[in-house]
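See below for the structure under consideration.
Just so it is clear, none of the values below were taken in a lab; they were calculated from the coordinates. From a predicted model like this one, the values you see are computed outputs, not experimental measurements. As a convention, Cβ positions derive from the backbone with ideal geometry for all residues, glycine included, and neighbour counts pool all protein chains shown.
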Amino acid sequence: MTLIYEPKGKAREYSPLALNVYNGCDFGCNYCYTKIIKRSPLANCFAKERTSFLIKLEKELSKNIYTEQILLSFMCDPYCTTDIELCKTRGALKLLNANDCLVAVLTKSGKNCLRDIDIFKQFGKKIKVGATLTFIDEIQSKKIEPNAAPPDDRIETLKQLHKKGIKTFVSIEPVIDPEQSLELMEKTLTFTDHYKIGKMNYYEKNFPMIDWAKFLKDAVKLMRKNKKKFYIKKDLAKFDIDKKLKCCEIDHDALNIKR
């Protein structure tokens, strides 16, 4: 089994390739896919070091040429609390850059990722760094994403990355409160290059019914009005009753980093 792999299902909508730096995650998000679907005991409490991770990655990169975007990470956050001590994400980024790879980084860690801004800049146009945004309300965020960075921290981090000339993106998923999701989009428009917008999956029984057709319509209107690039994930695109979404807005590879 290789470290760099092709994700399946809903995960494939984010990237053609992926790399998980750690086993498990210590952010403790209640809606975590690995917690609900995979029922992994690591999902919501621990992030464990992968045995000889950097040695294996270096060997793998020396034997293979990867021409498609590699996302860090699906099964963990690349800047989880454990990484503050182990710095395996920094090591992985150095190897990926040395091997001319195209990289996307998605995190809920906020400013923790800024310690690697020097490496981000070395990638040039071969990298983008994004944040998952779910709430404006810090109390709600703390309750549902207990160990992730506060919302304002994530937003300020995007702003700092943008100022440094690094391409930024936002993942609006899960959508737990549509009004907050729309507000997050509006609040980040001036320093976000593109958005990936989904809905709420696996966790819906915990919240009142949401009018997904209305949320889709409002999100698309906001994106188009501000001339922002965006992708609507398949589960949300099903609510495009009038079939008004453009091909580029439902092409999951359109926003990938390319040469």
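Across the range 113-121, rounded Karplus estimates of 3J(HN,Hα) from the backbone phi angles (6.51 cos²θ - 1.76 cosθ + 1.60, θ = phi - 60°) give 6, 5, 5, 10, 4, 5, 6, 3, 5 Hz, Gly and Pro being marked x.
Gain on full extension, evaluated as 0.36 nm per residue between N30 and E156 minus their Cα-Cα distance, stands at 43.0 nm.
Rounded to 0.05, the FRET efficiency of the I250 and S52 pair, given R0 = 45 Å and the Cβ-Cβ distance, is 0.65.
Amide H to amide H, with H built 1.01 Å from N, L71 comes under 5 Å of L17, A18, L19, A104, counting only residues 5 or more places away or on other chains. Residues whose amide H falls under 5 Å from that of G130, counting only those 5 or more places apart or on a different chain, are V105, L106, T107, F169, with hydrogens built in the peptide plane. Less than 5 angstrom separates the built amide H of I4 from none of the residues sequence-distant by 5 or more or on a different chain. Taking a point 7 Å from the Cα of T2 along the Cα-to-Cβ direction, the residues of the range 73-99 with backbone N closer than 17 Å to it are 74, 95-99. With both labels modelled 7 Å from their Cα along Cα-to-Cβ, the N226 to A213 distance reads 2.6 nm.
Within the set K59/K164; K142/K196; K10/K246; K94/K142; K167/K243; K121/K217, which residue pairs have Cα atoms separated by over 28 Å? Over 28 Å apart, Cα to Cα: K59/K164; K94/K142; K167/K243; K121/K217.
Membrane-span-like helices in the chain, defined purely by DSSP H runs whose alpha carbon atoms cover 20 Å or more axially and whose average Kyte-Doolittle hydropathy reaches 1.6, do not occur. Taking a straight Cα-Cα cut-off under 19 Å and skipping sequence neighbours fewer than 8 places away in the same chain, the aspartates and glutamates within cross-link reach of K229 are E13, E173, E183, E186, D193, D218, D240, E249, D251, D253.
On the principal axes of its alpha-carbon atoms, the range 137-259 has extents of 40, 39, 24 Å, going from largest to smallest.
Computed from label points 7 Å out along Cα-Cβ, the spacing between F191 and K125 is 2.4 nm.
For the residues F135, F239, F191, a GNM of the chain with alpha-carbon springs under 10 Å puts the largest fluctuation on F239. The slack in the chain from N23 to I139, taken as 0.36 nm per residue of separation less the alpha-carbon distance, amounts to 39.0 nm.
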